[in-house]
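Notes follow once the structure below has been shown.
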Amino acid sequence: MTDHTSKNFDLELESLRTYVLKMGGAAEQQVRKAIEGLYSGDQAFLETVIRDDDRINQMEIDIDALCNQVIAKRQPTAIDLRMIVSVLKVISDLERIGDKARKVARLGITLSSLSGDGVLNEGLNHMTEIALKMLRLALDGFARVDVSLATEAVHLDKLVNAEYQSISRQLITYMMEDPRAITRSLDTLTIAKAIERVGDHATNIAESVVYMAKGLNVRHISADEIEDRIARS
Amino acid sequence: MNPITEHNSRETLSPLKAEAKKLNFYYGNFQALKNINMPIYEKKVTSLIGPSGCGKSTYLRCFNRMHDLYPGNRYEGAIEFHPDRTDLLSKKVDPIEVRMRISMVFQKPNPFPKSIYENVAYGLRVRGESARSVIDDKVEAALRSAALWGEVKDRLKELGANLSGGQQQRLCIARALATDPELLLFDEPTSALDPIATASIEELITELKERVTILIVTHNMQQAARISDFTAYMYIGEMVEFGVTDQIFIKPKRKETEDYITGRFG
Ligand SMILES: Nc1ncnc2c1ncn2[C@@H]1O[C@H](COP(=O)(O)OP(=O)(O)O)[C@@H](O)[C@H]1O
Ligand SMILES: [Mg+2]
């Protein structure tokens, strides 16, 4: 993208972009740590995850304020306007991803204090990897204004949903076989649901990227349909 | 594609008021407009934006044949005026007739050195209206339409030049409205006004489109975004992009348009 006549406007947009990516990195790390702590059962570590969520909340507030300043000062149009509108949506999704990480960390602490055999399995780890890959693709798409990365992210959501289905079926089986596993299984199910929602938020972010790049509103439609609309635009 | 269906798909279907077709314009040997094709929709506000010197004023002045006043100026192509499809540029069409149907408001408020009343009555007298009661009624109606009546009704005999800048511009709008034009041309009508006066002129333009079609040149892009239904971006004598204003300001089709409206121009 060529530069603005106003160098300061360029700087403002650049720092906004950088800040969003930093917030995205922080949200990703929070999810990763929460799951790590969950598997290791390290309560102190999980406490730090819960505490660090405040940083993400603060980032949302800061970026929101920056967006408002740019709108008031520059009256952005076209790609600049679409970028700022997208940023406002992206940071709200990132903040929610942060909340999910905190929720996983809280349940991790609860689970580690319960007696009995664990019901965690590789499925949850795998699902987290896909959800975080979606988030990375969506954020890369944002950084490079690249819709192909964003649509790749949306496509992956099917895998996350399938993994969630499979985990919940497995947990229901546990609960029927062993009533003592019910509390554990329900908590684990809530964790799986939280990670499934991380995938949903990553999808939203990817959709914001498509709006930013193409001016197309692609919410509430399938990944294939999104590709279709991009191709036709 | 048919311009009407292309641009009005999301608006209420609006008929054409005018249409420039393959319009070229020359100041002597200098070609200031190059093959302009553009619809003007009835009772809508259409903005012309673009860098200084790109030909916005030149284009506007074709509509009321202002260029005829100078020798060496030359038009090619047509501007069809609807519903009768009169070609405004045709040699057979009398420029005086054209100016009866089309009025213009300029950048600097330019009231005549006469009373407020006479400024508005002037156009009516030129048209041969002499009945005092008719003129009185039309002057009042025009001043009301220009949102000025309340401020001047007790001082109609004062000089127009005694009014504030914003009031003078509204007086010029009243003068333009008095003859019931079908098309109102504005050439940067607020660039000499303060923000409050600007806002009141913008408000007025939005009200006026209920009854008259408006074509406005503005160097203030936010103004174009605020008040117009359609926007055209011009560059060095060419019409680069014409579209629904929201589309132009949110997702322009041409990169040149995007660079200009986002301030990446230069
Ligand atoms: N009377 C004139 N004689 C010769 N050239 C002119 C005349 N008026 C304008 N031009 C030239 O025509 C081009 C378009 O001018 P204009 O329509 O005034 O631009 P804009 O209104 O977009 O600033 C410019 O290059 C300008 O120098
Ligand atoms: Mg001009």
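Values in this text are rule-based calculations from the coordinates and carry no lab data. Quick caveat, the model's predicted, so the values are computed rather than measured. Cβ sites come from the backbone with ideal geometry, for glycine too, and all protein chains shown count toward neighbours.
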About its Cα centre, chain B carries a charge dipole, from +1 on Lys and Arg Cβ atoms and -1 on Asp and Glu Cβ atoms, whose size in debye to the nearest 20 is 420 debye
Among A:Ile61, A:Thr110, A:Ile35, the residue whose Cα sits farthest towards the positive end of the charge dipole of segment A:4-136 (+1 at Cβ of Lys and Arg, -1 at Cβ of Asp and Glu, taken about the Cα centre) is A:Ile61
With Cα coordinates, the longest principal axis of chain B makes an angle with the long axis of helix B:165-177, in degrees rounded to 10, of 90 degrees
One would report the antiparallel percent of DSSP beta bridges in the protein assembly as shown, rounded to the nearest 5, as 60 percent
Taking Cα pairs closer than 8 Å and at least 6 residues apart, the relative contact order of segment B:3-261 in percent is 26 percent
Sorting B:Val217, B:Leu204, B:Ser228 by the position of each Cα along the dipole of segment B:149-236 (Lys, Arg +1; Asp, Glu -1; all at Cβ), the one nearest the positive end of that ordering is B:Leu204
Relative contact order of segment A:7-232 (C-alpha contacts under 8 Å, at least 6 apart) in percent is 25 percent
Pairs over 32 Å Cα to Cα, from B:Lys138/B:Lys251; A:Lys73/B:Lys253; B:Lys21/B:Lys253, come to B:Lys138/B:Lys251
Ranked from fewest to most other Cβ atoms within 10 Å of their own Cβ, B:Val93, A:Val145, B:Val98 fall in the order B:Val93, A:Val145, B:Val98
Looking only at lysines whose Cα falls under 23 Å of A:Lys22's and that sit 8 or more positions away or on another chain, we get A:Lys7, A:Lys33, A:Lys89, A:Lys100, A:Lys103, A:Lys133
Expected vector for segment A:11-27, Karplus 3J(HN,Hα) from phi with 6.51, -1.76, 1.60 and θ = phi - 60°, integer Hz, x for Gly and Pro, equals 4, 4, 5, 5, 6, 5, 4, 4, 5, 4, 5, 5, 5, x, x, 5, 5
Mean other chain Cβ within 10 Å across A:3-13 is 2
Everything considered on the Cα gyration tensor (a ≥ b ≥ c; rounded for a/c under 1.5, else prolate if a/b is larger than b/c, else oblate), segment B:7-93 must be described as oblate
Put in order of increasing Cβ neighbours within 10 Å, starting from the fewest, A:Glu163, B:Glu256, B:Glu80 give B:Glu256, B:Glu80, A:Glu163
Out of A:Val147, A:Val218, A:Val90, a Gaussian network model of chain A with alpha-carbon springs under 10 Å gives the largest mean-square fluctuation to A:Val218
Scoring only Lys, Arg, Asp and Glu (+1, +1, -1, -1) among other residues with Cβ under 14 Å from the Cβ of A:Arg55 yields -4
A student applying the Cα gyration tensor rule (rounded when a/c is under 1.5; otherwise prolate if a/b is larger than b/c, oblate if not) would label segment B:162-266 prolate
Among B:Pro109, B:Tyr260, A:Gln165, the residue whose Cα sits farthest towards the positive end of the charge dipole of the protein assembly as shown (+1 at Cβ of Lys and Arg, -1 at Cβ of Asp and Glu, taken about the Cα centre) is B:Pro109
The exposure ranking of B:Asp154, B:Asp137, fewest beta-carbon neighbours within 10 Å first, is B:Asp154, B:Asp137
Non-local residues with an amide H under 5 Å from the amide H of B:Leu89, with H modelled 1.01 Å from N and Pro and chain starts lacking one, are B:Ile79
